[in-house]
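The values are calculated or read from the model by the stated rules, or taken from the named source; none is laboratory data. Note that the coordinates shown come from a computational prediction; the quantities given were computed from them, not determined experimentally. Note that each Cβ is placed from the backbone with ideal geometry, even for glycine, and that neighbours are counted across all protein chains shown.
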2 protein chains.
Amino acid sequence: MHFLPNDQMKRITSPILETLAGIVGDRVSQSDEELMTHASVLTYHDQKRAEVIVYPNSTEEVSEIVQLCASESIPVIPYGAGSSLEGQITAIYGGLCMDLRLMNKIKEIYEEDQCAIVQAGVRRSRLDQALERTALFFPIGPGFDASIGGMVSTRASGINAVRYGTMRENLLSLEVVLPDGKIITTGTRARKSSTGYDLTHLFTGAEGTLGVITEAALKLHFRPGAVLNAVCSFARMEDAVGVVRNILSSDINAAQIELLDEVMMAAINSYSGLDYPPSPTLFLEFHGSALDIEEGKGRLDDIVSSYKCLFFECSSNPIQREKLWQARVNALPASLSLRKDAVVMTTDACVPVSRLLENIVAAKKDVAEAGLIAPLIGHVGDGNFHLGILVNPSNKEEMARAKGVAHKISLRAIESDGTCSGEHGIGTGKLGYMKKEHGHSLSVMRQIKRALDPQNIMNPGKLVVFEYERPNIQPGRCSE
Amino acid sequence: MHFLPNDQMKRITSPILETLAGIVGDRVSQSDEELMTHASVLTYHDQKRAEVIVYPNSTEEVSEIVQLCASESIPVIPYGAGSSLEGQITAIYGGLCMDLRLMNKIKEIYEEDQCAIVQAGVRRSRLDQALERTALFFPIGPGFDASIGGMVSTRASGINAVRYGTMRENLLSLEVVLPDGKIITTGTRARKSSTGYDLTHLFTGAEGTLGVITEAALKLHFRPGAVLNAVCSFARMEDAVGVVRNILSSDINAAQIELLDEVMMAAINSYSGLDYPPSPTLFLEFHGSALDIEEGKGRLDDIVSSYKCLFFECSSNPIQREKLWQARVNALPASLSLRKDAVVMTTDACVPVSRLLENIVAAKKDVAEAGLIAPLIGHVGDGNFHLGILVNPSNKEEMARAKGVAHKISLRAIESDGTCSGEHGIGTGKLGYMKKEHGHSLSVMRQIKRALDPQNIMNPGKLVVFEYERPNIQPGRCSE
């Protein structure tokens, strides 16, 4: 067994297909339609189809399939909900797409231990549903109804990370099928442990390049006794960010601190028939006991009123809260409504909060100078913000301009002691930043990849690549 | 370069000492006294002296020393405060002890970003002192004034983990000198990132077997507006644990949930001249706003009064709080006062909270059946409890009996879907449990060790060992 350059990756032949059918029966497909839907997803990056899709329904089947692929040097691309944004599921070198949707069992909910054991194919919404009968919830909320396995693999976060952390902070253990087909469990249900290398975190965010995640033990949280939602608009971006900084250094229990800029708010007004001031606006959510929330409301009033606020409304009443949140929920379709011919090219900078304002201001200047439209939405309590650059993918010149803007935003984040991706990952789309952001650490990542996946069959060409198999870096991206 | 069996490790010769002096000047020692103090620490395990102690004062010096050791195949044992409990700093195969005490700079405190950059040799108490002028604190509190580097390497936690997590949850990034002397930084100051393998967590808890940690970017927290301390005693262990379970599923902001058993309380009474009921007692601390704390107090009253409580006192007044905490603070010397000829052999089981009571009850039965004395103290909010078995190290038969008890406690924890070490680590002392707890994951850890430290010079014989270099497993321990 040795590390294969990708041009030596094997194709899937008829005998291999027969062996596959022996493992999964008819849960295997090469239909054009299925190959297509597994390739074209939310990303704006070029996509390449896999050669075959399989739908295993157990960890043992996953293991058998991976063993087969290992023996035949065939790439394995784990697939959850297909909602990754940076090309994590494109089949650059062909191979087998492992769709885990049938592995959707919620195996156990340990209420007292605040823990759920779920298979990787479980969608977020299904877990929410299963938890309804308990006092618990799972806080990680990316923008899509993603699968748990995908969320682990991308180290996802989203709206609640300010208070509850990201996937990184909400895992107790993983079950993983290694590149040789062996099955491991990376931890126990103990809340903490000091025994050995932290494999749970090694596989979290590895984008399927070290193995297939088949199961996760998730940390759950008690639903708060009371929730307060608030929306406040400001004439100036610096006031909005100032309020964020103030909230973060107070002891109000903020769970969500979302910022939408004037472009996004105008789009939402027009899309949803609302009349918010078209100006930088914060969408805030606070969790606590009823008394907590009452106290927090007073503090929030004090903070907001020390800035020039155009609009401020808050409520702890569920119906009012939902109404307040309606605008936030429709942000993505509202964005797209700004340009009929466009798709969204999303940036994902994350910087220390003290560097947030300068990064946002500079990014918006880049967009303006490039003559583009790009509504901003940010999980700014973590210093994370997205610009959704609206581009017509068939307009090459415009695509290049947009990529140039995205490039500047990523570079500036790294130069601000931040990261080019807060939550969307690397995939193929951000490979060009790995060296810049990680320096010699990238070599350590490569050593780990070589050690654990010596044949390089696990999602090759993503996250950690080697000189001779580096996919073309897109125009406007920095080179390694 | 190839992976060296440890019997081929080289000794430190005069020319090597001369080269060392060229790097660190006179900050190198082979005095008997220094070699001795660097070997005999808090652990009850057999200790072996290093051949030389060096005191680097910069990351560059650490790098040069490691390069020298790599070129000469000499073991490197990173040393912080010497307070590890499982033999992490014993020089099994000789070699160089790298004492990082001179690397004690607090390089930067970013108040707004709630982050401090500190060198590995900084002690906890010094960081606390430096943070006094700010509104921030660092919550990780093991029982000793440990060094930050050591706390990272052991994945330490202690009293505040219920609310603030362990070292694992409180790191943004590490600077590490790799086994080949190269220097890496594992992350940025962004609160979250999805770019590449999580090297920060890989080095956290690695016990110096993958490199020397030289610097850490720590997450800080705002000091709570108000603090409430409470002490409550119960006739029965099940009532004490019942209160813990109730607190954990309420929304009181518990920061510390400590349990001391009747043996420990009797020892404290006698040592400190106090008159608590000699029965299972909870020491609780709650953090929040003043109103929070007031509300929490009411809830705590409700919970405690639904159990048969022998004693209950709580206060948010600083002087009263300190008085209440006096008993807790003196637990270790009080333990030792129970037997003049004894040292403490500490167990470190951590289990899901739903399995806590059965594990504590069974462990206390083991102790009684073995005719030993072992006060219990637990960070039970995380399911972690220690029995401090009092043993006379020169009484071999008694040592074997004590190890037998410790062995049963560790095994039972693993069988309860927990871990044999919640916070003390593996070192040499718990090597025998790695296979039992991790199964095939141990092979993955070995692959990582081989990939990153191909010469096996970094703290060899600890945490992850190989068949041919396995140190003698102690009597009463399970074998691999």
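Per-residue answers, yes or no, for (1) surrounded by 24 or more Cβ atoms within 10 Å (Cβ to Cβ); (2) among the aromatic types (F, W, Y); (3) not in a helix (DSSP H, G or I):
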| residue | (1), (2), (3) |
| --- | --- |
| B:A374 | yes, no, yes |
| B:K403 | no, no, no |
| B:S410 | yes, no, no |
| B:G422 | yes, no, yes |
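State whether the residues of region B:121-129 include one that is within 13 Å of another protein chain (Cβ to nearest Cβ) and over 15 Å from the mean Cα position of the chain (by Cα).
If we filter region B:121-129 for residues that are within 13 Å of another protein chain (Cβ to nearest Cβ), which is where we start, we get none.
Looking through region B:121-129, none of the residues is within 13 Å of another protein chain (Cβ to nearest Cβ) and over 15 Å from the mean Cα position of the chain (by Cα).
Could you look through region B:341-372, keep only residues that are within 23 Å of the chain's Cα centre (by Cα) and in a loop (DSSP other than H, G, I, E, B), and pick out the one that is nearest to B:S249 (Cα to Cα)?
Filtering first and then ranking leaves B:P352.
Looking at region A:384-417, which of its residues are among the hydrophobic types (A, V, I, L, M, F, W, C) and within 14 Å of chain B (Cβ to nearest Cβ)?
Quick first cut of region A:384-417, residues among the hydrophobic types (A, V, I, L, M, F, W, C) only: A:385, A:387, A:389-391, A:399-400, A:402, A:405-406, A:409, A:411, A:413-414.
Correct list: A:F385, A:I409, A:L411, A:A413, A:I414.
Specify which of the listed residues (A:I319, A:I293, A:I303) is more than 30 Å from A:R412 (Cα to Cα) and touching a residue at least 40 places away in the same chain (Cβ under 8 Å).
A:I293
How many of the residues in region B:85-119 are at pLDDT below 95 and within 24 Å of B:I12 (Cα to Cα)?
Summing the residues that are at pLDDT below 95 and within 24 Å of B:I12 (Cα to Cα) in region B:85-119 gives 8.
Considering only residues of region A:161-172 that are within 10 Å of chain B (Cβ to nearest Cβ) and in contact with a Ser or Thr (Cβ under 7 Å, 6 or more places away or on another chain), which is nearest to A:A116 (Cα to Cα)?
If we filter region A:161-172 for residues that are within 10 Å of chain B (Cβ to nearest Cβ), which is where we start, we get A:161-162, A:165-169, A:172.
With in contact with a Ser or Thr (Cβ under 7 Å, 6 or more places away or on another chain) added as a condition, the list becomes A:166-168.
On the way: A:T166: 16, A:M167: 14, A:R168: 15 Å.
Ranking the candidates gives A:M167 first.
Working carefully through the options A:K297, A:K340, A:K365, A:K323, find the one that is closer than 20 Å to A:E238 by Cα and of a type in the set (K, R).
Details: A:K297 fails: closer than 20 Å to A:E238 by Cα; A:K340 fails: closer than 20 Å to A:E238 by Cα; A:K323 fails: closer than 20 Å to A:E238 by Cα.
A:K365 is the lone residue from the list that is closer than 20 Å to A:E238 by Cα and of a type in the set (K, R).
Scan region B:348-372 for residues that are touching a Gly at 6+ places or on another chain (Cβ under 9 Å) and more than 9 Å from chain A (Cβ to nearest Cβ) and report the count.
From region B:348-372, those touching a Gly at 6+ places or on another chain (Cβ under 9 Å) are B:348-357, B:359-360, B:366, B:370; that's our starting set.
Subsequent filtering for residues that are more than 9 Å from chain A (Cβ to nearest Cβ) retains B:356-357, B:359-360, B:366, B:370.
Counting residues in region B:348-372 that are touching a Gly at 6+ places or on another chain (Cβ under 9 Å) and more than 9 Å from chain A (Cβ to nearest Cβ) gives 6.
Yes/no per residue for (1) crowded, with 23+ Cβ neighbours inside 10 Å; (2) within 7 Å of chain A (Cβ to nearest Cβ); (3) in contact with an Asp or Glu (Cβ under 8 Å, 6 or more places away or on another chain); (4) farther than 20 Å from B:R101 by Cβ:
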{"position": "B:T154", "(1), (2), (3), (4)": "yes, yes, yes, no"}
{"position": "B:L174", "(1), (2), (3), (4)": "yes, no, yes, no"}
{"position": "B:V177", "(1), (2), (3), (4)": "yes, no, no, no"}
{"position": "B:G181", "(1), (2), (3), (4)": "no, no, yes, yes"}
{"position": "B:H201", "(1), (2), (3), (4)": "yes, yes, yes, yes"}
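Is it true that some residue in region B:435-448 is of a type in the set (A, V, I, L, M, F, W, C), at the interface with another protein chain (Cβ under 7 Å from one of its Cβ atoms), part of a loop (DSSP other than H, G, I, E, B) and touching a residue at least 24 places away in the same chain (Cβ under 8 Å)?
No; the residues of region B:435-448 include none that is of a type in the set (A, V, I, L, M, F, W, C), at the interface with another protein chain (Cβ under 7 Å from one of its Cβ atoms), part of a loop (DSSP other than H, G, I, E, B) and touching a residue at least 24 places away in the same chain (Cβ under 8 Å).
Restricting to region B:323-369, name every residue that is among the polar types (S, T, N, Q) and surrounded by fewer than 21 Cβ atoms within 10 Å (Cβ to Cβ). Write out each step before concluding.
To start, the set of residues in region B:323-369 that are among the polar types (S, T, N, Q) comprises B:326, B:330, B:335, B:337, B:346-347, B:354, B:359.
Within region B:323-369, B:Q326, B:N330, B:S337, B:S354 qualify.
In region A:131-140, is there at least one residue being over 18 Å from the mean Cα position of the chain (by Cα), among the charged types (D, E, K, R) and closer than 25 Å to B:R163 by Cα? Let's see the steps before the verdict.
Restricting attention to region A:131-140, the residues satisfying the condition of being over 18 Å from the mean Cα position of the chain (by Cα) are A:131-137.
Keeping just the survivors that are among the charged types (D, E, K, R) gives A:132-133.
Subsequent filtering for residues that are closer than 25 Å to B:R163 by Cα retains A:132.
Yes: one or more hits.
Out of region B:81-129, which residues are acidic (D, E) and out of contact with any strand residue (DSSP E or B) (no Cβ under 8 Å at 6 or more places or on another chain)? Give the steps one after another, and end with the answer.
Let us first name the residues in region B:81-129 that are acidic (D, E), namely B:86, B:99, B:108, B:111-113, B:128.
Those that are acidic (D, E) and out of contact with any strand residue (DSSP E or B) (no Cβ under 8 Å at 6 or more places or on another chain): B:E86, B:E112, B:D113.
Select, from B:G196, B:G211, B:G205, B:G158, the only residue that is surrounded by fewer than 24 Cβ atoms within 10 Å (Cβ to Cβ) and within 11 Å of chain A (Cβ to nearest Cβ). It would help to see each step written out before you state the result.
Working: B:G196 fails: surrounded by fewer than 24 Cβ atoms within 10 Å (Cβ to Cβ); B:G211 fails: surrounded by fewer than 24 Cβ atoms within 10 Å (Cβ to Cβ); B:G205 fails: surrounded by fewer than 24 Cβ atoms within 10 Å (Cβ to Cβ).
From the options B:G196, B:G211, B:G205, B:G158, the qualifying one is B:G158.
Is region A:385-397 home to any residue that is touching a residue at least 60 places away in the same chain (Cβ under 8 Å), more than 24 Å from A:F283 (Cβ to Cβ) and touching a Pro at 6+ places or on another chain (Cβ under 6 Å)?
Looking through region A:385-397, none of the residues is touching a residue at least 60 places away in the same chain (Cβ under 8 Å), more than 24 Å from A:F283 (Cβ to Cβ) and touching a Pro at 6+ places or on another chain (Cβ under 6 Å).
Of the residues A:A135, A:A116, A:A146, A:A156, which is touching a His at 6+ places or on another chain (Cβ under 9 Å) and of a type in the set (G, A, S)? Talk me through it step by step, then tell me what you get.
Working: A:A135 fails: touching a His at 6+ places or on another chain (Cβ under 9 Å); A:A116 fails: touching a His at 6+ places or on another chain (Cβ under 9 Å); A:A146 fails: touching a His at 6+ places or on another chain (Cβ under 9 Å).
Residue meeting the stated conditions: A:A156.
Quick check on region A:428-441. Is at least one of its residues modelled with pLDDT under 95 and buried (at least 24 other Cβ atoms within 10 Å of the Cβ)?
Yes, there is a match, as at least one residue in region A:428-441 is modelled with pLDDT under 95 and buried (at least 24 other Cβ atoms within 10 Å of the Cβ).
Out of the residues in region A:75-130 that are β-branched (V, I, T) and closer than 30 Å to A:V344 by Cβ, state the one that is surrounded by the fewest Cβ atoms within 10 Å (Cβ to Cβ). Break it down stepwise before answering.
Going through region A:75-130, the residues β-branched (V, I, T) turn out to be A:76-77, A:89-90, A:92, A:106, A:109, A:117-118, A:122.
Filter again for closer than 30 Å to A:V344 by Cβ, leaving A:76-77, A:89-90, A:92, A:118, A:122.
Numbers: A:V76: 27, A:I77: 27, A:I89: 29, A:T90: 28, A:I92: 21, A:V118: 25, A:V122: 26.
Selected residue: A:I92.
Considering only region A:214-255, state which residues are among the aromatic types (F, W, Y) and away from chain B (no Cβ under 14 Å). Working first, answer last.
The initial filter retains those residues of region A:214-255 that are among the aromatic types (F, W, Y), namely A:222, A:234.
Listed by number, the list holds a single entry, A:F234.
Scan region B:53-65 for residues that are hydrophobic (A, V, I, L, M, F, W, C) and in contact with a Ser or Thr (Cβ under 7 Å, 6 or more places away or on another chain) and report the count. Even if it seems obvious, please write down each step before you answer.
Residues of region B:53-65 that are hydrophobic (A, V, I, L, M, F, W, C), as a first pass: B:53-54, B:62, B:65.
Those still in the list that are in contact with a Ser or Thr (Cβ under 7 Å, 6 or more places away or on another chain) too: B:53, B:62.
Result for region B:53-65: 2.
Pick out, from region A:183-281, the strands (runs of 3 or more DSSP E) lying fully within it that include 1 or more residues that are free of Cβ contacts under 8 Å to residues at least 40 places away in the same chain and in contact with a His (Cβ under 6 Å, 6 or more places away or on another chain). Spell out the reasoning first.
Values: elements: A:183-185, A:212-219, A:226-234, A:254-260.
Answer list for region A:183-281: A:183-185.
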